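Working notes for the structure below.
The values are calculated or read from the model by the stated rules, or taken from the named source; none is laboratory data. Nothing here was measured: the structure is a model prediction, and the numbers come from that model. Note that each Cβ is placed from the backbone with ideal geometry, even for glycine, and that neighbours are counted across all protein chains shown. In case anyone asks, the SASA skips ligands and DNA or RNA and just uses the protein heavy atoms, side chains included. Shrake-Rupley method; radii C 1.70, N 1.55, O 1.52, S 1.80 Å.
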Amino acid sequence: MNDLPEQKETTLSFEKIKKDILHPMQNHKGLELWIVFLLAVMAVCGWAYYTQLRDGLGVTGMRDYVSWGLYIANFVFFVAVSLVGMLISSILGLLRIDWITPISRIAEIIAVAFVAVAGLVIILDMGRPDRVINVFIHGRFQSPILWDVTVITTYLTISLLLLILPMIPDLAICKNELKKASPIQKKLYNILSFGYINTPAQHRHLHRMIRTLMVLIVPVGLAIHTVTSWLFAATLRNGWDTTIFGPYFVAGAFVAGSAALIIAMYFFRVNYKLQDYITDMQFDYMGKLMVAVCLVYLYFNLNEFLVPGYKMKTGDDIHLKELFIGHWAFMFWGSQLLGNIIPIMLLVTKKFRKPLPIMIISIFILAGAWFKRYVIVIPTLLHPHLPIQNVPDNFAHYSPSAIEIAVTVLSFALALLIITVLSKIFPVVPICETADNKGIKYKIED
């Protein structure tokens, strides 16, 4: 790490670090307006969900053949993005890579928001959400649905702990420094700081717990996306009947999660004025990481389509032709080129790893990741083994209804709202860890 770009370490003191990171939490113009906008969007889209709840799933575009549709594509996407917490905080954290320190908390906030909404999306997909309790009461071990619920709940719990535990020293500082905080916020800081004053024993025990969670979340994070892939791969449908869906989904999740993190890094850096902490170095290294995960994902894409394309069994023949040159070709090649291949070609060049270019590239990668999940779900359902016959015409085709689109917007607005609220209440860049990395001594008052 001796070749890292020179940083302004000598100009930083603990007081400056505190001021820079805490100031946006109390003085951020436009944040309230942004929250009101998200709430308004959720209210309008909430009416769409009420309509679905009142009239049934018939108001969506889903029918007997395409029984999952847009909602399950969203579920897979949200689960994918949430895996960024495991990638950054745990895998790279366990390797003691220092440059992730300023962005690790942003990664965990994204992970918590997206995995929480992923669980909610499943409920939005249910015609009778009041019966979701039956999954816990009468769930069968043979059912992948029960596995999915279990790993999502476990991953959300560990992600919350990985967000809160490293934040305990910072919350002890917030308790004393944020004079303008509301009484509820002060009470929250007081409870979650657990009386931390940075004694050697407290520091030792806290870091031991954090490293234990870092280890635990790796298998759980891998399990959440592997189990999600098994919901597809455990069937005999052409397009899903493959043994590599587990690692294929995990690789794609790292790509989507990294793109979401880069976008969030850019907006926090600009809007919270954190250029001294989320530096060009972080974007440069995230760009290199993006190239690495995109190459792995490209490898699995080649395996996913080259092997069945070489054999061209009857069912695979129909499915692949629809993807490559048929009805879904534009969406398929768009997601592959704009969401994977072109970003690899651009990000190997240093000038495209600067904050603004890499943020724009990441938007295309994230959009490509969503469309890729849509292409995974819908075309396969439209190609069953038995022919579609003697059914209404709309059973043989699928397009999401306005209700589905509105409920999808609701889920995205909720994820953004959770990220916004968490970044308003908690410091998005670790204060004490930043000081530790720069060798700055500090004291936390009781």
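For the stretch 180-232, the set of residues classified as touching a helix residue (DSSP H, G or I) at 6+ places or on another chain (Cβ under 7 Å) and among the polar types (S, T, N, Q) consists of 185, 190, 193, 198, 226, 228, 229, listed by residue number. Looking for something closer than 22 Å to residue 367 by Cα and open to solvent by 40 Å² or more (accessible area, probe 1.4 Å) - is there at least one such residue anywhere in the stretch 91-109? No: the stretch 91-109 contains no residue that is closer than 22 Å to residue 367 by Cα and open to solvent by 40 Å² or more (accessible area, probe 1.4 Å).
Pairs meeting the criteria (first residue in the stretch 408-430 and farther than 15 Å from residue 370 by Cβ and open to solvent by less than 40 Å² (accessible area, probe 1.4 Å), second residue outside any helix (DSSP H, G or I) and of a type in the set (Phe, Trp, Tyr), beta carbons under 6 Å, at least 6 apart or on different chains) are 429/277. It is to be established whether one or more residues within the stretch 247-257 are open to solvent by 70 Å² or more (accessible area, probe 1.4 Å) and either within 25 Å of the chain's Cα centre (by Cα) or in contact (Cβ under 8 Å) with a residue 24 or more places away in the chain (or both). No: the stretch 247-257 contains no residue that is open to solvent by 70 Å² or more (accessible area, probe 1.4 Å) and either within 25 Å of the chain's Cα centre (by Cα) or in contact (Cβ under 8 Å) with a residue 24 or more places away in the chain (or both). Applying the criterion of being over 17 Å from the mean Cα position of the chain (by Cα) and farther than 16 Å from residue 111 by Cα to the residues of the stretch 216-235, the residue that is surrounded by the most Cβ atoms within 10 Å (Cβ to Cβ) is 232. Among the residues here, residue 311 does not qualify as in contact (Cβ under 8 Å) with a residue 12 or more places away in the chain and surrounded by fewer than 15 Cβ atoms within 10 Å (Cβ to Cβ).
Do you know which residues across the stretch 369-402 are within 17 Å of residue 60 (Cα to Cα), among the hydrophobic types (A, V, I, L, M, F, W, C), open to solvent by 10 Å² or more (accessible area, probe 1.4 Å) and out of contact with any Asp or Glu (no Cβ under 9 Å at 6 or more places or on another chain)? Selection gives 396, 402.
Of the helices (runs of 4 or more DSSP H) lying entirely inside the stretch 112-194, those containing at least 2 residues that are over 20 Å from the mean Cα position of the chain (by Cα) and within 25 Å of residue 77 (Cα to Cα) are 133-137, 144-164. For residue 287, the conditions (1) on the phi > 0 side of the Ramachandran plot; (2) open to solvent by less than 10 Å² (accessible area, probe 1.4 Å) are fulfilled apart from (1). Per this entry, residue 125 is counted among residues that are open to solvent by less than 40 Å² (accessible area, probe 1.4 Å), of a type outside the set (Phe, Trp, Tyr), under 29 Å from residue 58 (Cα atoms) and modelled with pLDDT of 85 or more.
With a requirement of 2 or more residues that are modelled with pLDDT under 90 and of a type outside the set (S, T, N, Q), the helices (runs of 4 or more DSSP H) lying completely within the stretch 1-99 that satisfy it span 14-26, 31-55. Kindly establish whether residue 352 is in contact (Cβ under 8 Å) with a residue 24 or more places away in the chain and of a type outside the set (Gly, Ala, Ser). So residue 352 fits the description; yes. Taking every residue in the stretch 208-219 that is within 16 Å of residue 112 (Cα to Cα) and pairing it with any residue that is loosely packed, with under 15 Cβ neighbours inside 10 Å, at least 6 positions away or on another chain, the pairs with Cβ-Cβ distances below 9 Å are 214/94; 218/94.
Among the residues examined, residue 86 does not qualify as surrounded by 15 or more Cβ atoms within 10 Å (Cβ to Cβ), in contact with a helix residue (DSSP H, G or I) (Cβ under 6 Å, 6 or more places away or on another chain) and within 30 Å of residue 400 (Cα to Cα). Taken over the stretch 319-348, the criterion of being outside any helix (DSSP H, G or I) and at pLDDT 95 or above is satisfied by 348 alone. Residue 316 fulfils the conditions (1) in a helix (DSSP H, G or I); (2) of a type outside the set (Gly, Ala, Ser); (3) under 22 Å from the mean Cα position of the chain (by Cα); (4) surrounded by 19 or more Cβ atoms within 10 Å (Cβ to Cβ) except for a single criterion, (3). Looking at the structure I just gave you, is residue 375 under 19 Å from residue 297 (Cβ atoms) and within 20 Å of the chain's Cα centre (by Cα)? When the stated conditions are applied, residue 375 passes them. For the stretch 144-166, the set of residues classified as in contact with a Gly (Cβ under 6 Å, 6 or more places away or on another chain) and either open to solvent by 20 Å² or more (accessible area, probe 1.4 Å) or among the β-branched types (Val, Ile, Thr) (or both) consists of 146, 152, listed by residue number. Among the residues making up the stretch 265-283, those that are assigned to a helix (DSSP H, G or I) and surrounded by 18 or more Cβ atoms within 10 Å (Cβ to Cβ) are 265, 266, 268, 269, 282, 283. In the set 341, 360, only one residue is open to solvent by 60 Å² or more (accessible area, probe 1.4 Å) and either free of Cβ contacts under 8 Å to residues at least 24 places away in the same chain or farther than 18 Å from residue 77 by Cα (or both); that residue is 360.
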